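Engineer: This structure is in structure tokens; I'll ask about it shortly.
The values are calculated or read from the model by the stated rules, or taken from the named source; none is laboratory data. Every value quoted in this text rests on a predicted model; they were computed, and no experiment measured them. Counting neighbours? That spans all protein chains shown, and the Cβs are built from the backbone with ideal geometry, glycine included. In case anyone asks, the SASA skips ligands and DNA or RNA and just uses the protein heavy atoms, side chains included. Shrake-Rupley method; radii C 1.70, N 1.55, O 1.52, S 1.80 Å.
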Amino acid sequence: MFSRSILRGFASELRFAAPSSISAAPLPQRACLHQTAWLRTTQQQSQSQPHSPNPETPLGATPRAQDTQPETQQGSKAPSTPTSTINTITPQTRADVPIQKQPVAPTFDSPLEVTKSVMSSLPHLAGQSPHYVVAELHSRPYLLTAGDHLRLPFLMPKVKPGDILRFNRASAVGSRDFTLKGAPHVDERLFECRVRVTGTEAEPLRIKEKTKRRQRHTKTAKSKHRYTIMRVMEVRVKTPEELLEEGAVVVEDAEDTPKIEARS
């Protein structure tokens, strides 16, 4: 609390020397005292601290480290992997396919028996590509060549996209000028037909109304079938050298043995 003598001294100073910033309108005595004290403090602070046009610290919060690499638990940065090295590799041959994706090789009790006529004509058939095969799946024939897309009329169970399957039942294998027909099927050790499962496909939803005579109730039957999509990766005929390495035996010709026919 200011004493009365001090207040009178401040009032006399204001009468004889009024600052330029104070308005000329008459103000109450208490308001003039407070305004004069505020002006003195602001002038002293401005004289003691130099004015800087830019602030010393940013206006935002504490600066953050602009780093895109995550940090591990120890505080060290994770090694960066260039994007050029991360490429999706599409298998082109059987050697590029992982072992767990390759089909299991079949086992036989007896060696393959090949007639002399088939063995003599097999180099012409194996050397002329591309080959085709009439594969049978659930007693339905499919004419396939390498690169074809096959849509089965059903959903094959226990298969996933990326699995590689082998069609081992075929009624005919051939090329442009030669054809090997089976009786009724060609031995699966003479050719290779491999396909890759690419996914599944669904048809549009079908709704069928079923009614009966003299009944007001109408039944609706809904159906939406799904199909398995495959892509033929390889169709080829083995050469005589490969058959001999696998343990094939050359026998004499017979009436019911398959033969390689040449197109005229």
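Engineer: If the Cβ limit is 9 Å and pairs must be 6+ apart or interchain, which residue in the range 181-204 that is within 23 Å of residue 151 (Cβ to Cβ) pairs with which residue that is outside any strand (DSSP E or B) and of a type in the set (Gly, Ala, Ser)?
Structural biologist: 196/162; 197/162; 198/162
Engineer: While we're on this one: Could you check how many residues of the range 146-184 are under 20 Å from residue 198 (Cα atoms) and open to solvent by 30 Å² or more (accessible area, probe 1.4 Å)? It would help to see each step written out before you state the result.
Structural biologist: So in the range 146-184, the residues under 20 Å from residue 198 (Cα atoms) come out as 146-168.
Cutting the leftovers down to open to solvent by 30 Å² or more (accessible area, probe 1.4 Å) gives us 146-149, 151, 153-161, 163, 165-166, 168.
Going through the range 146-184 one residue at a time, the tally reaches 18.
Engineer: While we're on this one: Mind checking whether some residue in the range 210-220 is under 30 Å from residue 93 (Cα atoms), in contact with a strand residue (DSSP E or B) (Cβ under 7 Å, 6 or more places away or on another chain) and not aromatic (Phe, Trp, Tyr)? Steps first, answer last, please.
Structural biologist: Going through the range 210-220, the residues under 30 Å from residue 93 (Cα atoms) turn out to be none.
No, the conditions are met nowhere in the range 210-220.
Engineer: Out of all the residues in the range 185-212, which are of a type in the set (Val, Ile, Thr) and either in a strand (DSSP E or B) or open to solvent by 70 Å² or more (accessible area, probe 1.4 Å) (or both)?
Structural biologist: 195, 197, 198, 200, 207, 211
Engineer: Could I ask something else about it? I'd like to check something: does the range 192-201 contain any residue that is in contact with a Phe, Trp or Tyr (Cβ under 6 Å, 6 or more places away or on another chain) and not basic (Lys, Arg)? Steps first, please.
Structural biologist: To start, the set of residues in the range 192-201 that are in contact with a Phe, Trp or Tyr (Cβ under 6 Å, 6 or more places away or on another chain) comprises 193, 201.
When the remaining residues are screened for being not basic (Lys, Arg), the result is 193, 201.
Scanning the range 192-201, I find at least one residue that is in contact with a Phe, Trp or Tyr (Cβ under 6 Å, 6 or more places away or on another chain) and not basic (Lys, Arg), so the answer is yes.
Engineer: Please work out which residue is nearest to residue 257 (Cα to Cα), limiting yourself to the range 106-124 and to residues that are within 46 Å of the chain's Cα centre (by Cα) and small (Gly, Ala, Ser).
Structural biologist: This residue is 121.
Engineer: Related question: What number of residues within the range 197-253 are closer than 16 Å to residue 118 by Cβ, touching a Pro at 6+ places or on another chain (Cβ under 8 Å), at pLDDT 90 or above and not β-branched (Val, Ile, Thr)?
Structural biologist: 1
Engineer: Being in a loop (DSSP other than H, G, I, E, B) and under 41 Å from the mean Cα position of the chain (by Cα) is the filter here; which residues of the range 224-264 pass it?
Structural biologist: Result: 224, 225, 238, 239, 246.
Engineer: Scan the range 84-105 and give yes if some residue there is under 26 Å from residue 243 (Cα atoms), touching a Lys or Arg at 6+ places or on another chain (Cβ under 9 Å), modelled with pLDDT of 90 or more and open to solvent by less than 90 Å² (accessible area, probe 1.4 Å), otherwise no.
Structural biologist: No, the range 84-105 contains no residue that is under 26 Å from residue 243 (Cα atoms), touching a Lys or Arg at 6+ places or on another chain (Cβ under 9 Å), modelled with pLDDT of 90 or more and open to solvent by less than 90 Å² (accessible area, probe 1.4 Å).
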